[in-house]
Amino acid sequence: MLKSHYLDLLKSVEMFKEETMRRLYEEKPKDINNKEPSRNPLATATPRMVNGYPVFQFSYDGMLPLYKANDRDYAAMVRHYYQRITFESYNYADVQHQFGRAGLIIQHFFNDHVIRDLDNRNRKYVIDAIRYTGLVKDDNWQELSIIEEGQHDKGNHIQVYLVEEENKINFLSYLKHHQHQLKKIPEVGKRSELECELKQYRKEDTSSFYQQQPFQELWGE
């Protein structure tokens, strides 16, 4: 009985997220070049310096929605959702740096050990949203390489790191030992009643996480 209730809650939360995406899709989109963009609680963007080179980190609440073939409306909704929360997470108009040939490291954090195929997730729309920020020239194979992995954590979230290709190996070594210190969890505020009910079945709290200051001189803040 409890297991069935738990599964029903998971389905309800997924439906709630889709409804959130749909409502954002219906709203007027924000201009990425707006000098004072509104901050979106569903994502954060953090510029860093690691071992003397720049890294740009994107953090997203929850897990990527599943890929749905032959559903253009759903694809448009997901695309708009990730573009919007990415654009509203930082003032990219002030950024004075563009990566050359770059590496993108995508970490999916899941709050359970359920087997999931990462290629069933809509990573394309996160990659597209990051490309539209202007931090990378393009996302073709000549300009961008992609590494993707899954990890276990207390809650569902996504951490994405953009780094120059020549620094990728060094950063991967650094990330291996510091990923839990680097990760940022978007503060989404009060959840729906369904999500609050779901959280009571989790044994651990995810309220406090390590924060690091951005690199102001390079990134314009």
### Message
Can you order the peptides 157-169, 129-141 by their average number of other Cβ atoms within 10 Å per residue, highest first?
### Response
157-169, 129-141
### Query
What residues have an amide H closer than 5 Å to that of E164, excluding those fewer than 5 places away on the same chain, when H is modeled at 1.01 Å from N in the peptide plane?
G103
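Values quoted throughout were computed directly from the atomic coordinates according to the rules given, and no laboratory measurement underlies them. Because the structure is a prediction, the values reported are computed rather than measured. Backbone-built Cβ (ideal geometry, glycine too); neighbour counts: all protein chains shown.
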